[in-house]
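The values are calculated or read from the model by the stated rules, or taken from the named source; none is laboratory data. The model shown is predicted, which means the values in this text are computed figures rather than measured ones. So basically every Cβ, Gly included, is an ideal-geometry build from the backbone, and we count neighbours across all protein chains shown.
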Amino acid sequence: MPRRRIFDCVRCAGYQTKRLGVRNNRLKLRKDNFRDETLMRIRQIQTRRMVIALLVLGSCLMLLASRTEATPINGKIAFESNRDGNTEIYVMNPDGSGQVNISNNPFGDLNPSWSDNGARIAFVSTRDGNDEIYVMLADGSNQTRLTFNTAPDRFPSWSPDGTKIAFESNRNGNFEIFVINADGTNETQLTNSPNADLCPQWSSDGTKIVFRSSRDGNAEIYVMNPDGTVQTRLTNNSAFDDFPSFSPDGTRIAFLRNAQIFAMNADGTNTVQLTSIGTNFDPEFSPDGTKIVFESQRDHNAEIYVMDANGANQTRLTNTADNIADSTASWQAVVPPVTIGVFRPSTSQWLLKNSNSGGRPNVSVDFGQAGDLPVTGDWNGDGITDLGVFRNGQFLLRQAPATITTVNFGQAGDLPVAGDWNGDGTDDLGVFRTGQFILRKPVKPCPACPIIFILITFNFGQAGDTPLAGDWNGDGIDTVGIFNAGSWTLRNSNSAGAADITVQFGTAPGARPVVGDWNGDGIDTIGVLLPSNVLGATTFGLNNVNANLSGLFDILAAFGGDGDLPVSGDWDGRNTAPNSGVNDPDNGGSAAGHAQTFVTTCSDPDGWHDIATIDFKIARSNGNGQGVPIAIWAQFDENQNLIRLYDPDLQIWREGPPGSNLVLENGFVQLNLSGTSVQGSGPKGPSVQVRWEVVFKSSATGKNYKQYLKITDDAGAGTAFDNVGSWSVLR
């Protein structure tokens with residue numbers, strides 16, 4: 001979540017630099033637009049720290065901060081840039097590639113802030129003549145204004161459940177912290193101090209908001225409850241502290257102190273300096289907590305940088321002309337994709353996959369009985385999808401083998417649905433009865449009041465339809481839909497009315513509907529389970545959009561059997577990326593024509609069965625063989641239990657099961673599968689070893705090869721091709 005900048009350790013009040021697009025003249029404009037508190041701070045610095053002030057002014061460098069929620073995978077980085085003549089919102093990959101303008105507006109668009117599910121961006125725009133808060137989807141579509149005030153509203157920050165946005169505004173004559181519902185309703189002022197309160201940012205558990213305040217005569221970091229109570233000072237010194245940002249686990253806060261980035265414990269102790277050169281701004285943690293993205297002017301203009309959470313490996317991501325400024329970065333948290341599964345009525349067995357691929361199930365659970373209808377949801381808000389069945393007007397909800405909750409709701413003949421009807425991160429129940437939805441929605445009449453349930457009843461669909469529920473627009477709230485013989489009709493609100501989305505998809509006779517966020521973009525999309533007579537095996541066909549533009553499936557996965565009922569969910573919760581691997585031997589050489597064994601060892605905190613692929617390569621450099629000599633590129637596919645060998649000449653893969661009598665070969669190497677094996681550390685252990693038996697051919701002879709390993713898990717997280725050693729192939 002982006003924050004307000006400072007220059008020379010003082011806070012800049014105006015956005016004139018951004019509005020006019022003259023970031024190359026930022027120094028002059030910032031001086032012209034200092035707030036009263038800034039002028040006071042300048043006098044203090046001039047009298048006490050003149051030498052430091054002159055050095056900072058001479059360098060004209062800037063630093064940036066970023067914020068992140070406790071999500072496992074690092075997605076896109078949003079930032080603002082004036083490279084197209086006015087300030088726009090851009091996104092890029094975590095390595096700086098793929099920079100794309102997504103706001104595309106002739107007026108200033110700035111201060112991007114990702115929602116926790118990675119589906120929406122809150123930002124500030126001047127398109128209506130004043131700084132106002134807007135939201136848009138991750139691709140820049142559906143840009144919607146939330147605030148309507150003559151005073152500037154700036155620096156939005158999402159609550160972790162996506163239902164609220166905190167921001168700063170001087171609508172009452174002084175900059176204070178406000179909060180607003182994500183739909184623009186219920187604006188509430190949280191702070192009321194004699195000096196400016198700025199830069200709000202939520203903790204990942206939603207229990208705290210950290211901010212900057214000058215109420216005690218100097219810019220310091222404070223924290224408060226989300227309702228504005230218990231405002232507590234964390235820093236206490238003569239320096240200028242600004243731009244606080246919680247780490248995903250809530251234990252650390254990154255912040256700015258006199259143009260350098262620091263980090264401290266959440267209680268204000270154990271302060272550590274992370275940067276030491278340039279003028280820096282806006283630190284924000286990556287979703288997995290291992291990185292911090294920030295802005296720096298150390299290379300003469302404002303650019304986006306990234307570093308390790310301990311300050312190491314400071315790396316520039318953007319590189320624009322000296323009169324261009326890239327700033328105010330926010331890091332997207334990619335939600336682990338929803339994956340497939342089936343409920344088998346004949347055996348009351350659940351077969352669940354942790355990836356949208358074929359192969360054997362990752363999880364098998366016995367739960368239910370003949371005649372039950374499956375229903376899945378996150379019953380306790382822990383991020384893991386739980387199982388449930390509906391049986392003659394009764395829901396049986398399973399959170400663990402020994403924890404089954406019975407809820408009497410509906411009646412015999414109803415069809416069950418489940419969804420997050422209020423956006424609180426916990427799913428609740430509903431039924432569909434001959435064209436009528438009846439949803440059980442939890443509400444709290446007051447903060448201290450217990451939860452009560454209200455019924456939402458409305459007509460949508462007709463008898464014979466199959467009910468659905470999903471977040472079709474990425475707003476964090478599940479709404480209903482219906483499926484009938486390949487016809488999808490979806491609503492963006494839980495009310496009667498015309499369909500917001502209609503699609504023809506999965507029209508094959510016997511296709512059963514299933515919905516989920518298949519690519520982790522925060523939006524649920526359509527899918528079907530096709531009977532075996534369509535593609536030769538019972539197969540999931542999934543789409544990543546709620547449309548059928550090509551007539552093809554985005555994802556095909558042969559899984560399950562005829563008669564199975566499809567389900568979907570995040571069965572293993574938030575994903576943790578796999579660790580890097582090692583090879584033994586990691587250096588040396590072998591003679592062409594002689595067998596050589598390599599042993600790859602790697603691990604995944606979520607268990608070695610969560611690893612999707614292990615790629616092992618010996619090559620002059622990391623490439624695909626087009627002009628780059630490759631002695632061997634082999635791959636273990638854990639989901640399919642297959643070993644593959646890449647042919648760099650034909651650019652194809654050959655495959656076979658480990659331990660078989662097959663020999664995979666190309667013009668450079670022979671891979672003997674009889675001597676190739678896979679050994680994991682038990683059913684749920686973290687580590688795995690792959691033993692590769694290799695015979696290099698004379699055409700692979702050469703020195704100065706490097707060994708590379710790449711580990712990728714079922715959610716798509718993984719390492720790069722890490723250089724783990726060297727090798728020579730001798731005659």
Residue hits (segment 209-219; modelled with pLDDT of 95 or more and either under 23 Å from the mean Cα position of the chain (by Cα) or surrounded by fewer than 23 Cβ atoms within 10 Å (Cβ to Cβ) (or both)) are Ile209, Val210
For segment 493-518, what are the residues that are among the β-branched types (Val, Ile, Thr) and either in contact with a helix residue (DSSP H, G or I) (Cβ under 8 Å, 6 or more places away or on another chain) or crowded, with 20+ Cβ neighbours inside 10 Å (or both)? Val503, Val514, Val515
Going through segment 558-578 in order, the residues found to be modelled with pLDDT of 95 or more and either part of a loop (DSSP other than H, G, I, E, B) or over 25 Å from Pro605 (Cα atoms) (or both) are Ala558, Phe559, Gly560, Gly561, Asp562, Gly563, Asp564, Leu565, Pro566, Val567
Some residue of segment 623-633 being among the small types (Gly, Ala, Ser) and at pLDDT 95 or above: no
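Yes/no per residue for (1) in the same structural domain as Pro531 (by TED's automatic domain parsing); (2) among the aromatic types (Phe, Trp, Tyr); (3) modelled with pLDDT under 95; (4) more than 30 Å from Gln640 (Cα to Cα):
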| residue | (1), (2), (3), (4) |
| --- | --- |
| Thr269 | no, no, no, yes |
| Ser276 | no, no, no, yes |
| Val293 | no, no, no, yes |
| Glu303 | no, no, no, yes |
| Asp322 | no, no, yes, yes |
| Arg344 | yes, no, no, no |
| Ser348 | yes, no, yes, no |
Is it true that some residue in segment 350-360 is aliphatic (A, V, I, L, M), over 28 Å from Asp424 (Cβ atoms) and in contact with a Pro (Cβ under 6 Å, 6 or more places away or on another chain)? yes
Just give me the residues in segment 188-205 being in contact with a Lys or Arg (Cβ under 9 Å, 6 or more places away or on another chain), touching a residue at least 40 places away in the same chain (Cβ under 8 Å) and not in a strand (DSSP E or B), in sequence order. Thr191, Asn195, Ala196
Selection within segment 243-257 - over 18 Å from Asp308 (Cβ atoms) and at pLDDT below 95: Gly250
Any hit, segment 473-487, residues being under 30 Å from Arg360 (Cβ atoms) and within 22 Å of the chain's Cα centre (by Cα): no
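Given the criterion in a strand (DSSP E or B), assigned by TED's automatic domain parsing to the domain that holds Cys602 and within 21 Å of Ser357 (Cβ to Cβ), identify the matching residue among Lys617, Lys710.
Working: Lys617 fails: within 21 Å of Ser357 (Cβ to Cβ).
Lys710 is the lone residue from the list that is in a strand (DSSP E or B), assigned by TED's automatic domain parsing to the domain that holds Cys602 and within 21 Å of Ser357 (Cβ to Cβ).
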Reported set for segment 494-510 where residues are assigned to a loop (DSSP other than H, G, I, E, B) and touching a Ser or Thr at 6+ places or on another chain (Cβ under 6 Å) is Asn494, Ala499
Quickly run through segment 672-694 and pick out the residues that are under 38 Å from the mean Cα position of the chain (by Cα), surrounded by 20 or more Cβ atoms within 10 Å (Cβ to Cβ), in a strand (DSSP E or B) and modelled with pLDDT of 95 or more. Val690, Trp692
In segment 310-352, the residues that are farther than 19 Å from Asp282 by Cβ and among the β-branched types (Val, Ile, Thr): Val334, Val335, Val338, Thr339, Ile340, Val342, Thr347
Among the numbered criteria (1) out of contact with any Asp or Glu (no Cβ under 8 Å at 6 or more places or on another chain); (2) hydrophobic (A, V, I, L, M, F, W, C); (3) more than 19 Å from Ser113 (Cβ to Cβ), which one does Ala196 miss? (1)
Checked pairs for segment 350-365, first on the phi > 0 side of the Ramachandran plot and not assigned by TED's automatic domain parsing to the domain that holds Asn639, second buried (at least 19 other Cβ atoms within 10 Å of the Cβ) and not in a strand (DSSP E or B), C-beta under 9 Å and 6 or more apart or across chains, list as Gly359/Lys353; Gly359/Phe559; Gly359/Glu638; Gly359/Asn639
In segment 158-176, is there at least one residue being within 17 Å of Gly476 (Cα to Cα), within 30 Å of the chain's Cα centre (by Cα), among the aliphatic types (A, V, I, L, M) and assigned to a loop (DSSP other than H, G, I, E, B)? no
Report whether or not Leu535 is modelled with pLDDT under 95 and surrounded by fewer than 16 Cβ atoms within 10 Å (Cβ to Cβ). no
If we scan segment 640-663, do we find a residue that is closer than 27 Å to Ala558 by Cα and touching a residue at least 60 places away in the same chain (Cβ under 8 Å)? yes
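Please go through segment 371-393 and give me each residue that is closer than 17 Å to Pro345 by Cα and part of a strand (DSSP E or B), ordered by number. So that I can check it myself, show each step before the final result.
Let us first name the residues in segment 371-393 that are closer than 17 Å to Pro345 by Cα, namely 371-376, 387-392.
Selection gives Leu373, Pro374, Val375, Thr376, Leu387, Gly388, Val389, Phe390.
What residue, of Asn111, Asn170, Asn142, Asn104, is of a type outside the set (A, V, I, L, M) and assigned by TED's automatic domain parsing to the domain that holds Arg316? If you could, list the steps in order and put the result at the bottom.
Values: Asn111 fails: assigned by TED's automatic domain parsing to the domain that holds Arg316; Asn142 fails: assigned by TED's automatic domain parsing to the domain that holds Arg316; Asn104 fails: assigned by TED's automatic domain parsing to the domain that holds Arg316.
The conditions single out Asn170.
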Flag if Gly474 is assigned to a loop (DSSP other than H, G, I, E, B), in contact (Cβ under 8 Å) with a residue 60 or more places away in the chain and on the phi > 0 side of the Ramachandran plot: yes
Being within 21 Å of the chain's Cα centre (by Cα) and polar (S, T, N, Q) is the filter here, so list the residues in segment 708-731 that pass it. Thr712, Thr719
Of the listed residues (Ala321, Ala309, Ala302), the one being out of contact with any helix residue (DSSP H, G or I) (no Cβ under 6 Å at 6 or more places or on another chain), farther than 14 Å from Asp95 by Cβ and buried (at least 24 other Cβ atoms within 10 Å of the Cβ) is Ala302
Please go through (1) part of a strand (DSSP E or B); (2) buried (at least 23 other Cβ atoms within 10 Å of the Cβ) for Pro337 and return the number of the only condition it doesn't satisfy. (1)
